[in-house]
Amino acid sequence: MENKQFKAESKRLLNLMINSIYTNKEIFLRELISNASDAIDKLHYRSLTDKNIKLNKTDFKIIIDLDKDAKTLTIRDNGCGMTEEELDKNLGTIAQSGSLAFKEENEKKKDIDIIGQFGVGFYSSFMVSDLVTVESKSIDSEKAYKWTSKGVDGYSIEECEKEDIGTKITLHIKDDTEEEKYSEFLDTYKIQKIIKTYSDYIRYPIQMNVEHSKKKEGTENEYETIIETETINSMTPIWKKNKKEIKNEEYESFYMDKFHDYDKPLKVIHNHVEGQYNYDSLIYIPSHMPYDYYTNDYEKGLQLYSNGVLIMEKCDELLPDYFGFVKGLIDSEDLSLNISREMLQNDRSLRIISRNIENKIRTELENMLKNERDKYEQFFNTFGTQLKYGTYSDYGKDKDKLQDLLLFYSSTEKKLVTLKEYVERMKEEQKVIYYACGETIDKIDMMPQVELLKDQGLEILYLTENIDEFVLQVLMNYNEKTFQNASSDNLDLDTNEEKEKLKKANENSKDMFSAMKEAIKDEVQDIRFTHRLKNHPVCLTSEGAISVEMEKTLNQMPNNQGIKAQTILEINENHEIANKLKDLYKDNKEMLQKYTKVLYAQARLIEGLTIENPTEISNLMCEIMTK
Ligand code: ADP
């Protein structure tokens, strides 16, 4: 018989399993039972669409046998089974579902941690056994096959005898060692307890032969031992149970197992809904981004059950895109079993359920924001960008629903705040909501344009994400207060008197500005004096709908159309440089042009823009310095 080798990364995982010092070895049973249950689900699902498959649903079960003498634990299911190829593919490589996460996490965390936190599936059987056989007959195959492995040395597959469709896995349990009592996995009571703890919600009966001591008939106190087959699990899916009876750990372990996450969820939302439509929903907000969220493989959606029977793995229609990271399931008796994807899209009940679900998630988030601020901030730091995209996309069709869930960094509060909080704090004279954009909070805080606003005690929202300014544009206003970029040209902070003074100053230097503009040609729309800069000499502001930050973002996009912000070079009229420029205009026009180039380059650098001619600027600066 040919001995095949495991794929490299599988081998590595196997090695970890076999040599694991991880104490929670009992989870191997949960993994095997969950696979068995999935296999039955698959067969059942197939039978819904394939009329040739005739099944007696009531026969679905998972059977566990213990043999103390042979030291084996056997788990049988009558699910879909595996073909020869599937045995090779599925058990010869680590599970598709988890492999990417595993690889990534592997770099970061200690190996032991991975075993503890991540469901590693079938291979976990090697934590407790030194020989594993898998006998399987697939619904798609006439013949049955047996997969055998002692661990890292590889595995073999051969034909075998098996009457019924399904899978039988036999674990030869390791000998006890000083540290580890493997023999307890041959103990009926222990196995019963493990099933109760981890697999109680499994929808198919998990059966075992259990010994009972019974009074002998016709005797006073003579007892005999009889063996009865018992169903160990309650089979009530967790979402059908009474909320009060479910411990938090139960919710968490269900989530981690079902949705293959190695971290606990941030929030559990469990609901029984009765009314026009009846359904149970169990929804989880993960505590981190799904590892494959930004890949093409990621499919959003909730699992869809009809009366406890899985009818769809990912029902996309149940979640809006901006809640695409949410995991969970819906179980409704109002949905028909053999509903197709096309029919679902037009299904009225599903549309209403999906609207309810969306509202529910939003309300829960609003409550979290109100009552558990730290937790909400943790949520927002992870998923806030999704909410922003939700606000922005489709021309802001969902903005009213989402705007109160957004957070932005505040210059005065030094933390994330909501728009509502900002507006409530606004002084009566303040007409607009100020914001400034940049790469980091620190960089924005040092921007010349921001200084004057800060000086006047105004609160400014610091926007560090590309999408931020687009979001504000789509919102247009909040509570009738419009948004104002600190870098836009019409800040309007001066008194009338000051405005008049500035206007005069600009008029008087009109010709000088024209001369300066010669030096930087079409780069800027205008050059002018400003009073907005307290101590700083120059800045770049923008006029019109496109700000400098937006220009940067737009130009990073694939279909970059070279959109440009209309910028204005502003020079602080109260700064020494203003007088210097005026002098140069009188005495040395050539030098004035050089100064202009340098000032413009500085303004661009402050904005985080690149300069096209760094060598020229460097030379000019040295020339000016050495004068
Ligand atoms: P996962 O369950 O996360 O996919 P596993 O390593 O536990 O990873 O299993 C790998 C694959 O082997 C499963 O996805 C499934 O296709 C197949 N498999 C495992 N156990 C069974 C079983 N009892 N019946 C049918 N197929 C199974």
Legend entry - Among the candidates V548, V524, residue that is closer than 30 Å to Y389 by Cβ and surrounded by 13 or more Cβ atoms within 10 Å (Cβ to Cβ): V548
Inset, instruction - Filter the range 144-170 down to the residues that are charged (D, E, K, R) and within 13 Å of the ligand (Cβ to nearest atom), then identify the one that is surrounded by the fewest Cβ atoms within 10 Å (Cβ to Cβ). - result: D164
Inset, instruction - Tell me which residues, restricted to the range 306-324, are open to solvent by less than 40 Å² (accessible area, probe 1.4 Å) and in contact (Cβ under 8 Å) with a residue 40 or more places away in the chain. - result: G308, V309, L310, I311, P320, Y322, F323, G324
Legend entry - Candidates K264, K244, filtered to the one that is open to solvent by 40 Å² or more (accessible area, probe 1.4 Å), not in a loop (DSSP other than H, G, I, E, B) and not hydroxyl-bearing (S, T, Y): K244
Inset, instruction - Starting from residues that are hydroxyl-bearing (S, T, Y), away from the ligand (no atom under 13 Å from the Cβ) and under 22 Å from I232 (Cβ atoms), keep the ones in the range 25-79 and report whichever is nearest to the chain's Cα centre (by Cα). - result: T58
Legend entry - Residue check, K517 part of a helix (DSSP H, G or I), open to solvent by 30 Å² or more (accessible area, probe 1.4 Å), more than 30 Å from L402 (Cβ to Cβ) and touching a helix residue (DSSP H, G or I) at 6+ places or on another chain (Cβ under 9 Å): yes
Inset, instruction - Kindly indicate which of T541, T530 is closer than 16 Å to L452 by Cα, within 42 Å of the chain's Cα centre (by Cα) and surrounded by 13 or more Cβ atoms within 10 Å (Cβ to Cβ). - result: T541
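The values are calculated or read from the model by the stated rules, or taken from the named source; none is laboratory data. Predicted model, so just to flag it, every value in this text is computed and none were measured. Counting neighbours? That spans all protein chains shown, and the Cβs are built from the backbone with ideal geometry, glycine included. Side chains included, ligands, DNA and RNA excluded: accessible areas come from the protein's heavy atoms. Shrake-Rupley method; radii C 1.70, N 1.55, O 1.52, S 1.80 Å.
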